[in-house]
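*Asks:* Pasting in a structure now, in structure tokens, and then I'll have a few things to ask.
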Amino acid sequence: MTDRTTRSEALFERARAVTPGGVNSPVRAFNAVGGTPRFIASGQGAWLTDVDGNRYVDLVCSWGALLLGHAHPEVQAAIAAAVSRGTSYGTPTEPEVELAEEIVRRTPVDKVRFVSSGTEATMSAIRLARGFTGRDVVVKFAGCYHGHVDSLLAAAGSGLATFALPGTPGVPASSTALTLVLPYNDREEVAAAFAEHGDRIACVITEAAPGNMGVVSPLPGFNAYLAETCTAHGALFISDEVMTGFRASRLGQWGLDGASEGWKPDLMTFGKVMGGGLPAAAFGGRADVMAHLAPEGPVYQAGTLSGNPVATTAGLATLKLATDEVYDRISLVAETIRTAAGKALTEAGVPHVVQSAGTMFSVFFTDEQVLDFAAASSQDTAAFAAFFHAMLDRGVHLPPSAYEAWFVSSAHDDRAVQAVLDALPAAAAAAAATRKAG
Ligand SMILES: *Cc1c(COP(=O)(O)O)cnc(C)c1O
């Protein structure tokens, strides 16, 4: 340790003077792990370089968006060509049509509408579900994150199937008064909620496989149960694949359950990978439901930069390059890293559980399988913080929170993977040391 201020520290100080917490999205601030976030100057393939010239293997990948790694040459060329034709016209464009066609080909949705963020996608999907069904109540699951939509920033109410409380100041109680928050993977609670409120429920929204409390897979048949229950009660099933879409598998999480089990969500939301590193997201679904959206139908929804030609070009280039070989590589890298992380933590005597959903995975610093948010919350976050910083010191940038998925890309070559494997034993020892210190 030196007393010299790093450029990241200097920038963080300047940032905090002009931006709350110094960041434009809270998790970036390192609040959960302490220390100074690294200000990144560039990315190439699997690697990040910070403003002090330190290099890191990136296990964040822009929170999953960068399926092909940083600055993929073909994606970059497509973006550069699009920019050279102008950046936004406020009219329909060809790339939007091509990206929509690609998404319709690769997912069970009939029609799709573009927006600029995952938050807008879920917000709009819920509005559409309410408009279509003429009902008001929304069911969500504790620990599932759907962006910062008022009605979805809800904490569980006090009892079985009671309406939720705002999860943050600034959200009026009236905004969450129509939201039911249930424990994830719990069919009985879903059944109870429908028994009591079934004729008022517009939709159930769930992460297709939760990745925002760490990675928790749906129990076998859970998503199918949600789809069936919604259908039986005239509600819509919204599968939020903003994180898992084009990431958990070529067909997202739906490719891991719905495709083989033979059900489809009524609506789906996408983001992250489909934007190729630029702001683009989407919601889509059944043709008869999507027909309720303006200008075809009465439910209003719009966006100045929606379907932006540069963003949709980046997304299209990414999806076109996302071949089976890309998913095979990501799968192999994910398996290698999660196996090695588990082994290092076992050898250091640190309680942990490694969980995955397709190519997504995370490590929980707890000792029992995690099926819901209550179990995820039992983690030893101090052990994670020590582990995180030991990895960072050794040139591996993990997500700075114990509640996040780790992401790899097809650009994670053997050298990048080896750098991660080399760092793991010392990081596991650092985590173990926090436990002995008590
Ligand atoms: C990231 C995410 C969102 C929100 O997307 P933003 O683009 O950050 O608004 C919504 N749902 C899920 C499942 C996500 O992972």
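The values are calculated or read from the model by the stated rules, or taken from the named source; none is laboratory data. In this text, all values refer to a predicted model and were calculated from it rather than measured experimentally. For neighbour counting, all protein chains shown are included, and Cβ atoms are generated from backbone atoms with ideal geometry for every residue, glycine included. When the accessible area is computed, the model is the full protein with side chains, heavy atoms only, and any ligands, DNA or RNA have been set aside. Shrake-Rupley method; radii C 1.70, N 1.55, O 1.52, S 1.80 Å.
*Asks:* Rounded to the nearest 500, what is the chain's calculated 222 nm mean residue ellipticity when only DSSP H runs of at least 4 contribute -39500 (n - 2.57) each, over all residues?
*Replies:* Rounded to the nearest 500, it is -11500 deg cm²/dmol.
*Asks:* OK, next. Please compute the per residue accessible area over region 74-321 with all protein chains in place, 1.4 Å probe, rounded to a whole number of Å².
*Replies:* Counting only protein heavy atoms, the per-residue value for region 74-321 is 38 Å².
*Asks:* Determine one quarter of the surface area of the Cα convex hull of region 358-410, which equals its mean projected area, and express it in nm² to one decimal.
*Replies:* Across all orientations, region 358-410 yields a mean hull projection of 4.2 nm².
*Asks:* Using a 1.4 angstrom probe and counting only protein chains, how large is the accessible area of TRP47 in Å², to 10?
*Replies:* Spelled out: TRP47, probe radius 1.4 Å, area about 40 Å².
*Asks:* When all alpha-carbon pairs of the chain are counted, what percent fall beyond 36 Å?
*Replies:* 26 percent
*Asks:* Can you give me the P(r) profile for region 45-94? Cα pairs, bins 10 angstrom wide beginning at 0, each as a whole percent.
*Replies:* Result returned by the calculation: 21, 35, 31, 12, 1.
*Asks:* May I pose another question? Can you give me the relative contact order of region 74-321 as a percent, contacts being Cα pairs under 8 Å and 6 or more apart?
*Replies:* So the answer I get is 29 percent.
*Asks:* Give me the Kirkwood hydrodynamic radius of region 74-321, using the inverse of the mean 1/r over all pairs of distinct Cα atoms, in Å to one decimal.
*Replies:* This gives a value of 18.2 Å.
*Asks:* Still on this model: Could you do me a favour and compute the accessible area per residue for region 26-70, 1.4 Å probe, result in Å²?
*Replies:* 39 Å²
*Asks:* Which distance in nm do the two modelled labels at ALA259 and ALA433 give, with both placed 7 Å along the Cα-to-Cβ direction?
*Replies:* With each label placed 7 Å out from Cα toward Cβ, I get 4.5 nm.
*Asks:* Looking at region 61-111, which trypsin sites (Lys or Arg not before Pro) are DSSP coil and have at most 15 other C-beta atoms within 10 Å of their C-beta?
*Replies:* Hits after loop and neighbour filter: ARG85.
*Asks:* Continuing with the same structure: State the three equivalent ellipsoid semi-axes of region 38-180, derived from the C-alpha gyration tensor as the square roots of 5 times its eigenvalues, in descending order and whole Å.
*Replies:* The answer is 36, 24, 14 Å, longest axis first.
*Asks:* Return an integer: the convex hull volume of the alpha-carbon atoms of region 295-438, in Å³ per residue.
*Replies:* Taking the convex hull of the Cα positions in region 295-438, it is 176 Å³ per residue.
*Asks:* Hey, what did region 366-426 get for relative contact order, percent, Cα under 8 Å, at least 6 apart?
*Replies:* Dividing the mean separation by the residue count of region 366-426 yields 28 percent.
*Asks:* Could you work out the percent of alpha carbon pairs in region 182-228 separated by over 18 Å, rounded to a whole number?
*Replies:* That fraction is 28 percent.
*Asks:* Among residues other than LEU11 whose Cβ falls under 15 Å from its Cβ, what is the net charge (Lys/Arg +1, Asp/Glu -1)?
*Replies:* +2
*Asks:* Evaluate the Kirkwood expression for the hydrodynamic radius of region 65-141, namely the inverse of the mean inverse distance over all pairs of different C-alpha atoms, and round to one decimal in Å.
*Replies:* 15.6 Å
*Asks:* Mind pulling up the Rg/Rh value for region 167-291? Radius of gyration and Kirkwood radius, both on Cα.
*Replies:* Over the Cα atoms of region 167-291, Rg/Rh equals 0.97.
*Asks:* To the nearest 10 Å², what's CYS230's accessible area with a 1.4 Å probe?
*Replies:* 0 Å²
*Asks:* How much length is gained on full extension from ALA374 to ALA17, taking 0.36 nm per residue of separation minus their Cα-Cα distance?
*Replies:* Once the chain is fully extended between ALA374 and ALA17, it gains 124.9 nm.
*Asks:* Further, regarding this structure: May I have the count of lysine pairs in the chain with C-alpha atoms under 30 Å apart, counting pairs 8 or more residues apart or located on different chains?
*Replies:* So the count of such lysine pairs works out to 10.
*Asks:* Measure off, as a whole percent, the carbon and sulfur share of the 1.4 Å-probe accessible area of the chain, all protein chains present.
*Replies:* Roughly 53 percent of what the probe reaches on the chain is carbon or sulfur.
*Asks:* Further question on the same structure: To the nearest 10 square angstrom, what accessible area does ASP393 show with a 1.4 Å probe?
*Replies:* 110 Å²
*Asks:* Given the peptides 211-221, 35-45, arrange them by the average over their residues of other C-beta atoms within 10 Å, most packed first.
*Replies:* Put in order of decreasing packing, that is 211-221, 35-45.
*Asks:* When only Cα pairs under 8 Å and 6 or more residues apart are kept, what is the percent relative contact order across the chain?
*Replies:* Rounded, it is 22 percent for the chain.
*Asks:* Can I ask one more? State, to one decimal in nm, how far the label point of VAL83 lies from the label point of ASP414, with both points 7 Å from Cα in the Cβ direction.
*Replies:* According to this spin-label approximation, the distance is 3.5 nm.
*Asks:* How high is the FRET efficiency between ALA426 and THR36 when r is their beta carbon distance and R₀ equals 22 Å, given to the nearest 0.05?
*Replies:* 0.60
*Asks:* Using +1 on the beta carbon of Lys and Arg, -1 on that of Asp and Glu, and nothing else charged, what's the dipole of region 74-321 about the Cα centre, debye to 20?
*Replies:* Roughly 340 debye for region 74-321.
*Asks:* Another question, if that's okay. Once label points are set 7 Å from the Cα along Cα→Cβ at both THR346 and ARG200, what is their separation, rounded to one decimal in nm?
*Replies:* A separation of 5.0 nm, rounded to one decimal place.
*Asks:* Going by average Cβ neighbours within 10 Å, how do the peptides 128-136, 239-247 rank, with the highest at the top?
*Replies:* 239-247, 128-136
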